[in-house]
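Colleague: Quick one: the structure is below, questions incoming.
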Amino acid sequence: MSITILFFGATADATGNRKIILNEKGCSNAGDLVEYLRQTYPKLRLLRLLFSINQKHANGDEAVNDRDEIAIFTAVSGG
Amino acid sequence: MDFCEITTEPIDITGVARRVVPPECGATVTLDGYARKFTKSKESGEVRETEYLVYEAYEQMALKEMRKLVDQAKEQFEISSVGLVHRTGRLAIGETSVVISVAAPHRKAAFAACEWLILELKRTVPIWKKEVYADGEKWIEGDAEQRP
């Protein structure tokens, strides 16, 4: 299993990464994956996290599949 | 006729507005959103002075979300075409960060659609703003109640 994780703005600062590749077998859904990342990068715990799967907003119940692109971010603030 | 773009270059506002002038239309409403110097903190009410802004986009997804908004706006309002351009990177105070131009046969629908588009853009399009102050910086978090 190979999942691409992208970070933007506050989450990129909190993790020191913009992109990582995860080969984690224990994450069956997006919520598990976010929890795993919170443990790996404790600074993420200070943020209210939202995320997308394959460039669509997601809420956590969605299954995570091989080669998915998951982005982790805080509430958007463009405009 | 419709277009959505993300650019690091300064936005030519009139250029965007004039790209959406179909013959059946009588009015184009254009929003010029630009970087504000003084921002009141939602938490403390304290007014902070911003030196410059940095915008970052999840570009591929942002463009998809922008196109989705244009399609939805055209279903909901009596409008003909929409141009949506967002700038990223470093912006000085007063520089334009977003331009939305909506052309319609009659102005009322264009005003309504333009307002709807900026509200939805701020709620759903994955772009983030960082305010940089003399003594620090902060990634701005959108309104949590407005999460998609």
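The values are calculated or read from the model by the stated rules, or taken from the named source; none is laboratory data. On a predicted model such as this, the values are computed, not experimentally measured, just so you know. No Cβ is skipped: glycine too gets one built from the backbone with ideal geometry, and neighbour counts run over all protein chains shown.
Colleague: If we keep just the residues of segment A:32-79 that are within 14 Å of chain B (Cβ to nearest Cβ) and small (Gly, Ala, Ser), which is surrounded by the fewest Cβ atoms within 10 Å (Cβ to Cβ)?
Modeller: If we take residues in segment A:32-79 being within 14 Å of chain B (Cβ to nearest Cβ) and small (Gly, Ala, Ser), then A:Gly60 is surrounded by the fewest Cβ atoms within 10 Å (Cβ to Cβ).
Colleague: State yes or no: is B:Glu43 modelled with pLDDT of 95 or more and either farther than 23 Å from A:Asp13 by Cα or exposed (fewer than 15 other Cβ atoms within 10 Å of the Cβ) (or both)? Break it down stepwise before answering.
Modeller: Numbers: modelled with pLDDT of 95 or more: no; either farther than 23 Å from A:Asp13 by Cα or exposed (fewer than 15 other Cβ atoms within 10 Å of the Cβ) (or both): yes.
For B:Glu43, the condition - modelled with pLDDT of 95 or more and either farther than 23 Å from A:Asp13 by Cα or exposed (fewer than 15 other Cβ atoms within 10 Å of the Cβ) (or both) - is not met.
Colleague: To continue, here is another question. So A:Gly26 fits all but one of (1) out of contact with any strand residue (DSSP E or B) (no Cβ under 9 Å at 6 or more places or on another chain); (2) at the interface with another protein chain (Cβ under 10 Å from one of its Cβ atoms); what number is the exception?
Modeller: (2) is the only condition that A:Gly26 fails.
Colleague: Residues that are aliphatic (A, V, I, L, M), under 21 Å from B:Met1 (Cα atoms) and more than 11 Å from chain A (Cβ to nearest Cβ): does segment B:60-72 have at least one?
Modeller: Yes: one or more hits.
Colleague: Which numbered condition in (1) in contact with a Pro (Cβ under 9 Å, 6 or more places away or on another chain); (2) surrounded by 20 or more Cβ atoms within 10 Å (Cβ to Cβ); (3) without any contact (Cβ under 8 Å) to a residue 60 or more places away in the chain is the only one that B:Gly142 fails?
Modeller: (1)
Colleague: Hey, another quick one. Would you pick out the residues in segment B:88-136 that are within 10 Å of chain A (Cβ to nearest Cβ) and of a type in the set (Lys, Arg)?
Modeller: B:Lys122, B:Arg123, B:Lys129, B:Lys130
Colleague: In the list B:Arg67, B:Arg107, which residue meets the criterion of being more than 28 Å from A:Thr11 (Cα to Cα) and surrounded by fewer than 20 Cβ atoms within 10 Å (Cβ to Cβ)? Let's see the steps before the verdict.
Modeller: Working: B:Arg67 fails: more than 28 Å from A:Thr11 (Cα to Cα).
Criteria check complete, one pass: B:Arg107.
Colleague: Condition first: under 29 Å from B:Glu120 (Cβ atoms) and modelled with pLDDT under 95. Can you find one or more residues in segment A:20-29 that meet it?
Modeller: Just the residues of segment A:20-29 that are under 29 Å from B:Glu120 (Cβ atoms), to begin with: A:29.
Keeping just the survivors that are modelled with pLDDT under 95 gives A:29.
Yes: segment A:20-29 contains one or more residues that are under 29 Å from B:Glu120 (Cβ atoms) and modelled with pLDDT under 95.
Colleague: Which is in contact with a strand residue (DSSP E or B) (Cβ under 8 Å, 6 or more places away or on another chain) and farther than 17 Å from B:Lys130 by Cα, of B:Ala57, B:Ala35, B:Ala17? Walk me through how you get there before you give the answer.
Modeller: Values: B:Ala57 fails: farther than 17 Å from B:Lys130 by Cα; B:Ala35 fails: farther than 17 Å from B:Lys130 by Cα.
B:Ala17 is the lone residue from the list that is in contact with a strand residue (DSSP E or B) (Cβ under 8 Å, 6 or more places away or on another chain) and farther than 17 Å from B:Lys130 by Cα.
Colleague: Restricting the search to segment A:37-62, which residues are under 15 Å from A:Leu22 (Cα atoms) and not in a loop (DSSP other than H, G, I, E, B)?
Modeller: Within segment A:37-62, A:Leu37, A:Arg38, A:Gln39, A:Thr40, A:Ile53 qualify.
Colleague: Any idea which of B:Ala109, B:Ala103 is more than 13 Å from A:Gly79 (Cα to Cα), over 14 Å from the mean Cα position of the chain (by Cα) and not in a strand (DSSP E or B)?
Modeller: Numbers: B:Ala103 fails: not in a strand (DSSP E or B).
When all the criteria are applied, what remains is B:Ala109.
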